[in-house]
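The numbers here are math on the coordinates, done by the rules we state, and not lab data. Nothing here was measured: the structure is a model prediction, and the numbers come from that model. Cβ: placed from backbone, ideal geometry, glycine included. Neighbour counts: every protein chain shown.
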C-alpha cells in the first residue's frame, strides 16, 4: 500500500481550513507539516500555533517534519500540538539515539530524515529503533524544486537495510513528487509519498491525491 501525505507548505494559507477539509475528505493518509527555522534551511514556514490549528480540524494524522536546529527543544511542544509522527534530521542530531527515544516517550512515532547528500549507511546503527525514514529528494527549504534522480537508488539501498533490520519501518520521500517520479519511487520501495506543489497547484487536488494513491 502506498500512503500519500500532502504537504500544506504549498496550501493557500488564506484558506488553510478549506484545504485541510479537502485533505480530510480525500484519499490522503497523512497531513505533512514542514517546520522551517530559517537557520537549518533557507526559509521560514510556520510553527506550533499553526500545527495546533490544523490538528483541531484534521481527521488525518499529522506528519510533522522538523527542519530546524536543536529539535530536542521542541519535541514535547510539537507532540502536545498534535503530531502523530515527528521527523528530525540526522544532520541536526548529534545524539540521535537519545532524540529518537525522546520522541517515543511522547507517544509519537519517530522518523529520521536524510538530506540528498547524506548516505543511507549512516542509519545502520539506529534503523531498528525508528518507525520511518524520510529521504529528501530535493534540497530542503522550498517547495516546487526539481527531483534529484539519485533518490531512487537511495530508496533501494534503504529498503534492503530495512528488510534486514526493521521490516516495519516505512520509507517516505519528499520533493519533486509527481506521477512519473512517484511511480519510480514506489517501484523502488517507497511507502509514503509527500506531495505539495503537485497537489495544491493542480486543477483538482483531491483527484491528484487519488491518482497518486492508485499508482
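Do you know the relative contact order of the chain, to the nearest whole percent, from alpha carbon pairs under 8 angstrom that are 6+ apart?
Taking the mean separation of contacting Cα pairs over the length of the chain, I get 22 percent.
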* Asked: Which residue, 113, 93, 33, tops the fluctuation ranking in a GNM of the chain built on C-alpha contacts under 10 Å?
  -> 93
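So what is the calculated 222 nm ellipticity per residue for the chain, using -39500 (n - 2.57) for each DSSP H run with n of 4 or more, over all residues, to the nearest 500 deg cm²/dmol? Let's see the in-between values first.
On the way: 8 runs with 77 residues, N = 215.
Theoretical 222 nm ellipticity from helices: -10500 deg cm²/dmol.
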* Centroid-to-centroid separation of segment 87-151 and segment 10-39 [C-alpha atoms, Å] -> 21 Å
* **Least to most buried among 190, 99 (fewest other Cβ within 10 Å first)** => 99, 190
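How do 76, 25 rank when sorted from fewest to most other Cβ atoms within 10 Å of their own Cβ? Please list the in-between numbers first.
Working: 76 14, 25 10.
Arranged by neighbour count, lowest to highest, 76, 25 become 25, 76.
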* Inter-site label distance for residue 165 and residue 39 at 7 Å from Cα along Cβ, in nm -> 2.9 nm
* Structure fact -> Most fluctuating of 180, 91, 157 in the GNM of the chain (C-alpha, under 10 Å) is 180
* Asked: From the square roots a ≥ b ≥ c of the eigenvalues of the alpha-carbon gyration tensor of segment 36-153, which class results: rounded (a/c under 1.5), prolate (a/b over b/c), or oblate?
  -> oblate
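Going by C-beta contacts inside 10 Å, put 121, 26, 137 in order with the fewest on the left. Spell out each step's value before the answer.
Working: 121 10, 26 19, 137 25.
Fewest-to-most Cβ neighbours within 10 Å comes out as 121, 26, 137.
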